[in-house]
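Asker: Can you keep this structure in mind? I'll have questions shortly.
The values are calculated or read from the model by the stated rules, or taken from the named source; none is laboratory data. Quantities reported herein were computed from a predicted structural model and do not represent experimental measurements. All Cβ positions, glycine included, derive from the backbone under ideal geometry; neighbour counts span all protein chains shown. Accessible surface is based on the protein model in full, side chains and every heavy atom, while ligands, DNA and RNA are left aside. Shrake-Rupley method; radii C 1.70, N 1.55, O 1.52, S 1.80 Å.
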Amino acid sequence: MGIRSLRDDLNFLAEHYDKELISRLEFVLAHNYERITYTQGIEILETAIKEGKKFEFPVYWGADLSSEHERYLVEQHFQKPVIMTDYPKEIKAFYMKQNEDGKTVRGMDILFPFIGEIIGGSEREADYEKLLSHATKMGIPEKDIWWYLDTRRYGTVPHAGFGLGFERLLLFVTGMSNIRDVIPFPRTPNNAEF
């Protein structure tokens with residue numbers, strides 16, 4: 001028995017489990033990604049509602065978009081992957097750098113078909129005082145994030161970061177329907193200090 005290729009494995013999954021798997025994978029490779037702001041995304045979703053589209057979760061500026069909203073933008077409206085930027089500061093982490101408008105942050109999500117957000121990232125706040133102020137306004141006790149604040153206490157350089165959801169990636173490339181089926185090890189509460 002020889003080593004099968006990745007293409008053989010994907011074909012097996014597509015043939016036996018998810019008939020649309022290969023076309024979804026090719027979809028993200030074949031299209032340029034659409035870049036929009038969160039505000040533009042909300043406007044598109046509100047227009048869809050006016051035209052009769054029904055969503056389970058409400059749509060309004062300031063709402064944390066759900067998978068159904070993200071998937072609508074990717075699968076139905078643009079029919080290509082989407083990079084969404086400039087989210088409202090209230091729905092994002094305290095460490096994200098705020099834009100000059102005072103309402104949004106320098107963050108982005110990459111949205112794929114079938115799952116919605118697969119990658120999230122942002123520029124991080126480098127100023128200690130601003131970081132502490134953001135955390136305080138969001139009700140995060142300083143005692144719970146002292147270790148993070150210390151990474152800025154004596155200065156830092158402008159920087160950014162992103163995260164690819166490993167389980168979401170596995171969900172996308174395998175065609176599994178529930179994220180619990182692709183978690184490689186169990187997660188249990190109260191087992192990590194931070």
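Asker: Which condition breaks for Lys130 when tested against (1) open to solvent by less than 20 Å² (accessible area, probe 1.4 Å); (2) in a helix (DSSP H, G or I)?
Answerer: Here Lys130 meets the rest and fails (1).
Asker: Checking the conditions here, which among Phe166, Phe172 is aromatic (Phe, Trp, Tyr) and surrounded by 13 or more Cβ atoms within 10 Å (Cβ to Cβ)? Before you say what the answer is, go through the steps one by one.
Answerer: Working: Phe166 fails: surrounded by 13 or more Cβ atoms within 10 Å (Cβ to Cβ).
Checking each option against the conditions leaves just Phe172.
Asker: Name the residue that is farthest from Phe27 (Cα to Cα), counting only residues in segment 114-163 that are in contact with a His (Cβ under 8 Å, 6 or more places away or on another chain) and among the acidic types (Asp, Glu).
Answerer: Taking the candidates together, the pick is Glu125.
Asker: Considering only segment 100-121, state which residues are on the phi < 0 side of the Ramachandran plot and out of contact with any Asp or Glu (no Cβ under 6 Å at 6 or more places or on another chain).
Answerer: Of all residues in segment 100-121, those on the phi < 0 side of the Ramachandran plot come to 100-101, 103-113, 115, 117-121.
Hits for segment 100-121 are Glu100, Asp101, Lys103, Val105, Gly107, Met108, Ile110, Phe112, Ile115, Ile118, Ile119, Gly121.
Asker: For the subset of segment 16-52 comprising residues that are surrounded by 15 or more Cβ atoms within 10 Å (Cβ to Cβ) and over 18 Å from Met108 (Cβ atoms), which member is modelled with the lowest pLDDT?
Answerer: Asp18
Rundown of residues vs (1) closer than 21 Å to Gly52 by Cα; (2) at pLDDT below 95, yes/no style:
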residue	(1), (2)
Gly62	no, no
Glu68	yes, no
Phe78	yes, no
Thr85	no, no
Ala93	no, yes
Lys103	no, no
